[in-house]
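Shown next, in structure tokens, is the structure this report addresses.
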Amino acid sequence: MKRLATITRWAGAAAMAMGLAACAAKSPPTPAQAARAVSVVRVEMRPIAGGVVTSGILIPRNQVAINPDLAGYRVSKLYVDEGDWVKAGQPLAEMDSSILRAQLDQQVALANEQKANAAEREKEAARVRGLDNQGVIAEEQLQQRFYAATSARASVTAQMASVKEMETRLAHMTVRAPVAGQVIQRNVNLGDISGGAAAAWFVMAQDGQIEVNADVAEADFAKMRPGVHAKVTLADDASVDGVVRLVSPHVDSTTRLGKVRITLPVRPDIRSGGYARASFIDLTRAAPTLPETAIRYDANGASVMVMQANGRVAQVPIRTGDRGGGYVELLSGPPVGSVVVAKDSAQLLPGDFIKPDWSDKPPAS
């Protein structure tokens, strides 16, 4: 009986040991063991392109307003419309010149009459020329004939000037383009009377060149200089390369903004009066940066998930600055060298364990 009891006790102990071993084998992994692999990056110093971003209105580099030189005449012909390209001297509009032509014919007839009269007076003066002091004809009569010839010549000169004036006025009945370029506005219609409109008949952009008239903050104005390259984004999100042509010497005392002119290429989608944003890509500077995908946003603002030495993550608030090339500048936040979750950080909670995945970029040595 004693032997049987001993065997029973040993069997019970063995069963208990086996049960404990089985329980130990099925125990759940620790949080550190259960951590999932997460893509991480380091906060690095990186050149930020487009350190200054501004906006402005698209305006012609040289805007040309065109009005008729003569008032009181009716528009009889229009040769161009908005959007047309014209050469210097090309006709834009023509006014009814029938009255001026009749006046010109009258002035030409008067000039011919004056010429005939002058020729007759010249003949009379030529017949008595050389008879001075010979007693053949009175001296007073001689001087009268010479004066009449001189006066007739002067009358011809004056009348020809009147003819020239009428011809000039007639030529100005056609409104011509003073420069080559594109017509961007037409504010005249057939039948309008010249001199009665406040707006210019035509507005042109010389050579079709359009610029960004950008406002730059006073603090950034010292960085501006002619020749700086800019990436200009139009209202439809199309991008175009531009170059600073002019930096204004004046800063507005109220807004603390200065004007910068950015030259753009001639393109049909760059229209005067439109809106554009400019990022000055030559003004690069080194700054602590992270990929834009590392930034998470919630009700408390922007933040990042930083991996701590124990493998847990902590949520750290940040302030962002300029952006460029897929990276964002950190004005405040984790220091350079910190390991930060690169993407999908919104799926993590503060205190979660992670396994750093450096597949996007290996850790710095």
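The values are calculated or read from the model by the stated rules, or taken from the named source; none is laboratory data. The structure displayed is predicted, hence computed values, not measured ones. For neighbour counting, all protein chains shown are included, and Cβ atoms are generated from backbone atoms with ideal geometry for every residue, glycine included. Remember, those area values only see protein heavy atoms, side chains included, never the ligands or the DNA or RNA. Shrake-Rupley method; radii C 1.70, N 1.55, O 1.52, S 1.80 Å.
Tabulated data
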| item | result |
| --- | --- |
| Strands (runs of 3 or more DSSP E) wholly inside region 262-365 containing at least 2 residues that are of a type in the set (D, E, K, R) and surrounded by fewer than 18 Cβ atoms within 10 Å (Cβ to Cβ) | 319-324, 354-357 |
| Subset of region 66-82 [among the hydrophobic types (A, V, I, L, M, F, W, C) and outside any loop (DSSP other than H, G, I, E, B)] | 66, 75, 78 |
| Residue among 248, 253 that alone is more than 19 Å from residue 338 (Cβ to Cβ), in a strand (DSSP E or B), modelled with pLDDT of 90 or more and out of contact with any Pro (no Cβ under 9 Å at 6 or more places or on another chain) | 248 |
| Residues that are assigned to a helix (DSSP H, G or I), in contact (Cβ under 8 Å) with a residue 12 or more places away in the chain and either open to solvent by less than 70 Å² (accessible area, probe 1.4 Å) or farther than 20 Å from residue 170 by Cα (or both), drawn from region 83-112 | 100, 104, 107, 108, 110, 111 |
| Hey, residue 233 hydroxyl-bearing (Ser, Thr, Tyr), farther than 23 Å from residue 91 by Cβ and in a loop (DSSP other than H, G, I, E, B) or not | no |
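A quick yes/no check of all residues on (1) modelled with pLDDT of 95 or more; (2) of a type in the set (S, T, N, Q); (3) open to solvent by 10 Å² or more (accessible area, probe 1.4 Å):
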position	(1), (2), (3)
167	no, no, yes
198	no, no, yes
209	yes, yes, yes
215	no, no, yes
219	no, no, yes
239	no, yes, yes
